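Structure first, commentary second.
The values are calculated or read from the model by the stated rules, or taken from the named source; none is laboratory data. Since the model is a prediction, treat every value here as computed from it, not as a measurement. Neighbour counts are summed over all protein chains in view; Cβ atoms, including those assigned to glycine, are modelled from backbone coordinates with ideal geometry.
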């Protein structure tokens, strides 16, 4: 049986092991240590931000970010709808309520016009949201300039969920560094990984210092254990930070590998009827963390799910694009502004295997299955013969 081809697996080299070995040799195993400090500093250099706090996950970073902004029970927080649930779950941790915003087709990210119109309407009735959580989806930045302009006009703090977009750019800058706070993820499927982990970044040193304080059980400076407020056990371990330091060294290579995957897929499949790839917006450079496409079943001959199942029969993992949060059962009753674009992308969208360690043979196996389906469609098409003469 052929080996499985998975969607996005960790890609680890030799330098990561050296950093981990150093952590063991020096007995820095706890969630503090020189690798954590160095990882934060080196990450700041990579994304060109001022301050960073390494934490246990991107979700933890987002939870801290919302708390730092001052989100309270009963507040509303605007949020992208086409994303993983971890974008919105922390809103509910604080007793607040998400309001979902639809995507545009240019980048599949939040539609700036919908956002601005909604803020204008909310301002008239005195019901502006407490914050905006903006996702940079599948390795591509959202259109930040008009979104920032709308947020600044109404003094709405912007939190950027850049969990999927490390290594991407928006007008030569890193998404995640434009708003008040940005968050990143180093989960095992991300473009670089620390096994599990995340980073909170900001140009405001006080915010990051408070995040670090809250992430360490909010322990007051005292020789004994004293706590004046509730905190969390959210700090990243020194061992995992060592993995992160090694991964940062190869980030550019990982980005180029994923972009190469996209180019191979696009060249082989882009001219098939009914197939369209996630566009790369003109305002930035995407990493193509995942290569995503949409399938028009009428033109292609079978739908997204049939393609996914055909790949699965060959031990190839592909997944639908994110199911929009506004149609998730857990968020039933939450308001959504728009939604048709995100629902359409979910209905027709598929993520292909995209790991930076895929071989040419792996890519060819994926491509062959899809091309075979398209050829089968042509064979199955009814043949119409002209009527006989005479």
*asked:* Exactly one condition in (1) crowded, with 18+ Cβ neighbours inside 10 Å; (2) out of contact with any strand residue (DSSP E or B) (no Cβ under 7 Å at 6 or more places or on another chain); (3) in contact (Cβ under 8 Å) with a residue 40 or more places away in the chain is false for residue 259; which is it?
replied: (3)
*Do we find a residue being in contact with a helix residue (DSSP H, G or I) (Cβ under 9 Å, 6 or more places away or on another chain), crowded, with 20+ Cβ neighbours inside 10 Å and part of a loop (DSSP other than H, G, I, E, B) anywhere in region 34-46?*
no
*Residue list for region 274-298, restricted to those being farther than 16 Å from residue 345 by Cβ, surrounded by fewer than 20 Cβ atoms within 10 Å (Cβ to Cβ) and in contact with a strand residue (DSSP E or B) (Cβ under 8 Å, 6 or more places away or on another chain)*: 283, 285
*asked:* With the structure loaded, tell me whether residue 317 is touching a residue at least 12 places away in the same chain (Cβ under 8 Å), surrounded by fewer than 19 Cβ atoms within 10 Å (Cβ to Cβ) and not assigned by TED's automatic domain parsing to the domain that holds residue 36 or whether it fails that test.
replied: yes
*Identify, by number, the condition in (1) part of a helix (DSSP H, G or I); (2) in contact with a helix residue (DSSP H, G or I) (Cβ under 8 Å, 6 or more places away or on another chain); (3) surrounded by fewer than 24 Cβ atoms within 10 Å (Cβ to Cβ) that residue 187 doesn't meet.*
(1)
_Return the pair list, or none, for Cβ contacts closer than 8 Å from residues in region 90-117 that are at positive phi and surrounded by fewer than 22 Cβ atoms within 10 Å (Cβ to Cβ) to residues that are part of a helix (DSSP H, G or I) and modelled with pLDDT of 95 or more, at least 6 apart or on different chains._
none
_I'd like to know if region 155-178 contains one or more residues that are in the same structural domain as residue 49 (by TED's automatic domain parsing) and more than 22 Å from residue 52 (Cβ to Cβ)._
yes
*Any idea which of 215, 209, 241 is over 26 Å from residue 142 (Cβ atoms), within 21 Å of the chain's Cα centre (by Cα) and either free of Cβ contacts under 8 Å to residues at least 12 places away in the same chain or assigned by TED's automatic domain parsing to the domain that holds residue 57 (or both)?*
241
_For region 262-273, give me each residue that is closer than 20 Å to residue 141 by Cβ and out of contact with any strand residue (DSSP E or B) (no Cβ under 9 Å at 6 or more places or on another chain)._
263
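The rows are residues; the columns are (1) closer than 25 Å to residue 258 by Cβ; (2) in a helix (DSSP H, G or I); (3) at pLDDT below 95.
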site: 342; (1), (2), (3): yes, yes, no
site: 355; (1), (2), (3): yes, no, no
site: 358; (1), (2), (3): yes, no, no
site: 363; (1), (2), (3): yes, yes, no
site: 374; (1), (2), (3): yes, yes, yes
site: 386; (1), (2), (3): no, no, yes
